Structure formats: structure tokens, C-alpha cells
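Peer 1: Got a structure for you, written out below as C-alpha cells; questions coming shortly.
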Amino acid sequence: HTDSSPSPAIQAPVTVKTIEHLAGDYGLFTWPCAPVLAQYVCSQRGFVSGKRVLELGAGTAVPGIVAAKCGAHVVLSDREDNPQLLQNLRSTYTINGLCEDEVDILALSWGIFSPALLQLETPDLILASDCFYHSKDFEDILAIVAYFFEKNCNCRFWTTYQERSSNRSLAHLLKRWDMHCRCIPLEDFQDAVSIRIEGPSESKLSTHHTIHMWEITKLQTT
């Protein structure tokens, strides 16, 4: 079991500029889970600073960009079969005033352990915003997380999940992969920081969806 650093006092807003294509791939739109995860990342900036961070299915990369602005070295990843997503990530970190020393881009398709993935420096923290969307992808995502947990038993996985069906659950998969999940109430951090997103969707912390903030870690055995 690991405990996150305590949330700080109220901080100045963090601004993230996004590039979105509302009529295109759903990975090119900022979904409600993204600003929630970004807020949590920002509230934990003392922990995040100096860490190696990997964002899965980054899309418009709001949480990853916030992590970089909090002092982390970030790898933004998304599907290798869509070059537009990867180019979007490059453009996004540039318009946010970040450089290649702070952010890398990785083509990563869930369920595929490519040479680039296997050569990646082991992260301290993995982020994923609304990646548990299609049930068929759930285990592929956790397989990647489990791979890094084996390399770094202190690695943490922070993810936001939008509840769309009460019939879907990760519980059996978490048990299979020897993982522990801690639900973090949104009220524990949502008032501590403000994330301003400058983009077509102007996304904010949503009150119209049921969103969960989870910290998943490797199950510690004694």
C-alpha cells in the first residue's frame, strides 16, 4: 500500500493549451476525465516533480502536459496506427512552451510490446484518462501497467474512469494481475487547484458525469 502526498493549499491556476479536432478521432477531443486527472496530478505536484511519467492513450495530453509543468519528465503515448494523434502530441507540447528535454512521444498500441516500449526507461508514474472505455482493451492496458510494476514495484498508476455502465468492472482483472486499487474522492483535491484548458472544448471539471479517480499499485505481499 502506498499513500499519495498530502494535497497542498490552493494554488494558482495551471493553463493547458490543446489542439482538438472535434469531428475527427475521439482521441483528438478532451473528454471530461482529462481535467479531473490533471487536477489530481497538479494537487500532487510535490510527488510528481522530478518523476518519470508515462501517459497512456494521451490524446490531447492534458494530464501529461500538467505533469510536465509540475517538473516531471513525461512520455506521451498514443496509437501507432494514427500518425495524426502522434503529430498532435508533438504540436501540443510545443504550444505549451515545453521542449524535447521535458517531453517525449511514443507510439504505443495497447497489447503490443514493441521494441520501443521494451526499451523505455521505467516510469515512476503512469497516467491514463478515460482509457477504460472499450471493455476489450481493459486487460491490454493492465498488461502494460503490470509490465512496469514488475520492473518498478513502487510505480503508481493514476487513472480516471467515467462510469458508463454498472455492468462493467475491473475488479476481477485487478485480482488477476495482483493489483490494488484505491478510490480517491474528488472532493479531496478538486478545490485545491484550478486547471484552465484553452481549446475548442474548453473542458472543465465535470459535474454532469460520474467520474472516479483511482490509484492502482502492485499488490504488496508479505
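Peer 1: Shape call for the range 114-193 from the C-alpha gyration tensor, a ≥ b ≥ c root eigenvalues: rounded (a/c under 1.5), prolate (a/b greater than b/c) or oblate?
Peer 2: Oblate, since a/c reaches 1.5 and b/c is not below a/b.
Peer 1: Still on this structure, please answer the following. Beyond a 20 Å Cα-Cα separation, which of these cross-linked pairs lie in this structure: K51/K218; K17/K51; K69/K151?
Peer 2: Values: K51/K218 18 Å; K17/K51 22 Å; K69/K151 26 Å.
Correct reply: K17/K51; K69/K151.
Peer 1: Moving to a separate point now. Just how large is the dipole of the chain about the Cα centre, in debye to the nearest 20, putting +1 at every Lys and Arg Cβ and -1 at every Asp and Glu Cβ?
Peer 2: Values: 18 positive and 26 negative charges, 68 e Å.
Magnitude of the dipole: close to 320 debye.
Peer 1: List the relative contact order of the chain as a percent without decimals, with contacts defined as Cα pairs under 8 Å and 6+ residues apart.
Peer 2: Once normalised by length, the contact order is 28 percent.
Peer 1: Pick out which of T94, T160, T30 has the largest mean-square fluctuation in a Gaussian network model of the chain, springs linking Cα atoms closer than 10 Å.
Peer 2: T94
Peer 1: A follow-up question, please. How far is it, in nm, from the label point at E187 to the one at C153 when both lie 7 Å from their Cα along the line to the Cβ?
Peer 2: Distance between the two pseudo-spin positions: 3.7 nm.
Peer 1: Could you tell me the relative contact order of the range 114-222? Use alpha-carbon pairs under 8 Å, at least six residues apart, and round to a whole percent.
Peer 2: Details: 123 pairs, mean separation 37.1, N = 109.
In percent, rounded to a whole number, it is 34.
Peer 1: What does DSSP give for the chain in terms of the percent of beta bridges that are antiparallel, rounded to the nearest 5? List each step's numbers first, then the result.
Peer 2: Details: 13 of 35 bridges.
Approximately 35 percent, going by the DSSP bridge assignments.
Peer 1: Hey, another quick one. In what sequence, highest mean first, do 184-191, 41-48 appear when ranked by Cβ atoms within 10 angstrom? All intermediate terms of the calculation are to be shown ahead of the outcome.
Peer 2: Details: 184-191: 14.8, 41-48: 22.9.
Top of the packing list down: 41-48, 184-191.
Peer 1: Compute the FRET efficiency between H208 and R90 as 1/(1 + (r/R0)^6), taking r as their Cβ-Cβ distance and R0 = 35 Å, and round to the nearest 0.05.
Peer 2: On the way: r = 32 Å, r/R0 = 0.91.
Calculated value: 0.65.
Peer 1: Can you tell which of A68, P32, H208 lies farthest toward the positive end of the dipole of the chain, using +1 and -1 charges on the Cβ of basic and acidic side chains (Lys, Arg; Asp, Glu)?
Peer 2: Checked the options; the winner is H208.
Any read-out appearing in this document is the output of simple, stated calculations on the displayed coordinates, not a laboratory observation. Please read these numbers as outputs of a predicted model, since none were measured by experiment. Ideal geometry is used to build each Cβ from the backbone, glycine not excepted, and the neighbour counts take in all protein chains shown.
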